[in-house]
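Input: a single structure, listed below in structure tokens.
The values are calculated or read from the model by the stated rules, or taken from the named source; none is laboratory data. Bear in mind the structure is a predicted one, so any value in this text is a computation, not a measurement. Cβ sites come from the backbone with ideal geometry, for glycine too, and all protein chains shown count toward neighbours. Note: areas computed on protein heavy atoms with side chains; ligands, DNA, RNA excluded. Shrake-Rupley method; radii C 1.70, N 1.55, O 1.52, S 1.80 Å.
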Amino acid sequence: MEMASISATGNVTIIGVAQDAFSLADNSHKIKEEKSLYDFVKNLPRRSTRQYQPPLEELQRMVANLRDKRLILISSSHTEYALDASWGLIERLPGSPKRFNGMIAFEDIASKNIEFSIQKLLEQRPEAEAESVVLVDATHTQAQTFPASFLGHTARAGSFEDLLRTNKHFLVVMVDLSYARENNLAHHSFPYWEIPFLEPFFEKAFPQEHERLLKEIRTQRGKWEQDEVSFARQIINYQHSERLLEIIESGGPQDPEGCAEALLKTANQVEKTVLYAATVFEEITSPEFCRVVEALINERARRAAEQSSPPVAANGSAGSAHAGETEIPLRRLWEKEKDDIFTKWLVEGSTSTDSPRMVSLSESNLREPLRKQFEKRHRFYLMDQFNALQETGILFYPSLRLAENTTRIAVDMARIYPDEFDESWIVALVMRLRRHFIGAGSAGSDEDDQMFQFLPSSQPGASDVAFARISDICKRLLGSPSQSKVVPNSLDYLLQTGCHEEVLWLIKQLKFSAEFDDWFWLKQLLFRGDVKTKYLTYHYIISYLKRMGTNVYDGLTKIETWLPSSERQSYSEFDTFVFRLMIKYCFDTIARFDHRHYGQWPSRYPLFAIKDAQLAESHTSLLAHWLLHPAVDPTLADLGIGGSRITLVGALLAEWSFILLGTADISHADPSSAQSETEVTTESAESENSTVNWSATDLFNLLLPQFITQIDLSQRVELLSYWNQLEHELFRFRVLPSHGSELRNELIWKRKLVRRLITEIKKTPPPKKSWPMKATPATAAPADQA
């Protein structure tokens, strides 16, 4: 491995040449790095009109919570109230007058194939001088990956809090109320604020009699929608139709069970279709509602036409029957009476002046009874309608509002008909999607499959939208105990059928689901995937590890279980990828580490952000176990990097000593000082935040023996020789006249640290055991890794 060189930024680097060789080896499979989620953050818009003002005392308490933890979660049964509270919180937050206030919602990146998570938001974000606060709208079902990315792991919460504080960053995260309650957010590490709906709404709508009306509605609660979000929507709809006061005064909504049964019994085919659409689709606009109804009617007409097509006569002429003649009146009836039907059963309203107008049943408490009636008495009708939603393209319609509904409907169908909508159905959807998009350009590729008629293959991001729909269905299936095996069975079958890239895409989308073991499936792809997908997976894992930041050992401990036995005589391609992962991760994180943070403690370098000595013991042991493995030698040879695992370890330990112990005191030390060059002052590396019993020096003194005590005598000689040459090279660079004083100072303190490494290895006792001296060149190994 080459000695020190000067980087493009003017800093001394030891791994630079090796890193270039690594990049060259990966060049043929170079993967374009995704944009950071932060690139899609926009300025927080003004919110001039508001429906909710939180009590001042409560608002001040939540501001204090946000300042303390740097992140807060907010929800409400009425989203507008949650938005108003979020705006008020951000405005009340004291700080720099130059603070940036931003906002991002899942809708901003829905077609971008970008992970919606806190790690991705903070990835590649430049360190800002001023504070910033970002409002994250994670209320959409597919946006639940964002809160899931930092909840559910107590240790991670602390590291994210530290990261946000270090970056002068605040996050206000809006989540769906059902998600908040299902995950018991009130008892998690970060503060949670649930905004009430009923009292503020009635105080504003009926200022003179809100107390009486609230008392009435509470006694009637059993007659209203039971789900809090549906209940709020029901209240708002009645208010928009100016019937709320009348409904409350009359004792509450009428019993909907009998009404729902009577409606379905007397409804004609068009009315039945409208009732179905209004029952299963919530919070969609009028044009979207009409598109759904018309798609269902047209699909019924098409099927009827196929069934009633007359046989062809011997002379080639068709029979006398008219295809689909009984269905044509349904289309006409809809066109003629849709306004009357709409007025009779539906209501249109918006939750605020800025939001679109949504369609719902005028008697919203009919939805659940109608759903039960459909499931109990119209089973085949339900299946026919869902199949129609698929075949007409509604399942893959690009609207996120329709997506929220169609994925829920799909999982409901899987619950009702588990044998019909199982892994074979998921695989069939993926295969059709694959044919549509990968087969783009072939004859009829866009026209033949009507399932994707709203997502032409030529449209940018269309395939991402389609895959997001399938992944959302899979997420919901994972959350259902009776259907949870559908997803792993689907992934296994997709691997068998060669849909390897599609499996990787689904893994990326499902990774934050608690019921999903993403590391298991990443291992399967590295082992069973085709060449292209193996490299895609390899680059994704590198990106994944870097995105984990100070939680990187969560991932590394998973991958460590993939390491082959050190007694193996040969290594597979899978093994090579595993060792490349660690080497590549170390190179990239060192190269990207800001030199201004050298010597700071606690360290910002992810491998050394360890506050606990016991954890440090296991983590540094993991690094030594991995990097001293005999398989590292053939891995380096395969990459075209000169040297051995010993010279690799020598370079990494030198760079790591710079990160841990490099300080301003050393960089400005007088080389003629009486202080010995082997003595390195680290006082400035011990910041005020460090604990009394744990320091950068302690970690360094723990890290170095993990490596030195596990190598034999000849390997020690090799390592000592490498460091001696490195020390000489740093001295040679220092005396070159072309280098400025700042670079010469850097060369001085780095040379001192290398000399400290030399001293340490000389005084460390010989090991009790050692790794095998040599490794056999990599060849195919038995398939025992997966």
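For the reader, a short list of remarks on this structure follows.
- In the set (1) at pLDDT below 95; (2) in a helix (DSSP H, G or I); (3) open to solvent by less than 50 Å² (accessible area, probe 1.4 Å); (4) more than 23 Å from LYS112 (Cβ to Cβ), the condition left unmet by ASP464 is number (4).
- Scope the stretch 483-494; condition open to solvent by 10 Å² or more (accessible area, probe 1.4 Å) and modelled with pLDDT of 95 or more; matching residues: VAL486, PRO488, ASN489, ASP492, TYR493
- Of all residues making up the stretch 122-152, the number that are assigned to a loop (DSSP other than H, G, I, E, B) and either open to solvent by less than 10 Å² (accessible area, probe 1.4 Å) or modelled with pLDDT of 85 or more (or both): 6
- When the helices (runs of 4 or more DSSP H) confined to the stretch 472-555 are screened for residues that are closer than 27 Å to SER159 by Cβ and β-branched (Val, Ile, Thr), those reaching at least 2 such residues are found at 531-547.
- Considering residues of the stretch 180-220 that are of a type in the set (S, T, N, Q) and either open to solvent by 100 Å² or more (accessible area, probe 1.4 Å) or within 21 Å of TYR238 (Cα to Cα) (or both) only, the residue farthest from the chain's Cα centre (by Cα): GLN208
- Index of the failed condition, ALA277 passing every other in (1) of a type in the set (A, V, I, L, M, F, W, C); (2) modelled with pLDDT under 95; (3) open to solvent by less than 10 Å² (accessible area, probe 1.4 Å): (2)
- Criterion violated by ALA428 - all others in (1) modelled with pLDDT under 90; (2) surrounded by fewer than 16 Cβ atoms within 10 Å (Cβ to Cβ); (3) closer than 30 Å to ASP108 by Cα satisfied: (1)
- Filtered by the rule that a residue be open to solvent by 50 Å² or more (accessible area, probe 1.4 Å) and either at positive phi or touching a helix residue (DSSP H, G or I) at 6+ places or on another chain (Cβ under 6 Å) (or both), the stretch 592-625 gives a lone residue, ARG604.
- Residue that is farthest from VAL465 (Cα to Cα) [pool: residues in the stretch 381-398 that are open to solvent by 20 Å² or more (accessible area, probe 1.4 Å) and not in a helix (DSSP H, G or I)]: TYR397
- Test: residue in the stretch 84-104 that is under 30 Å from ILE235 (Cα atoms), of a type in the set (S, T, N, Q) and not in a loop (DSSP other than H, G, I, E, B): yes
- Single unsatisfied condition, SER457 versus (1) in contact with a helix residue (DSSP H, G or I) (Cβ under 9 Å, 6 or more places away or on another chain); (2) outside any loop (DSSP other than H, G, I, E, B); (3) farther than 21 Å from MET413 by Cβ; (4) open to solvent by 10 Å² or more (accessible area, probe 1.4 Å): (2)
- Residues of the stretch 255-274 satisfying the condition of being buried (at least 18 other Cβ atoms within 10 Å of the Cβ), aliphatic (A, V, I, L, M) and farther than 27 Å from ARG221 by Cβ: VAL270, VAL274
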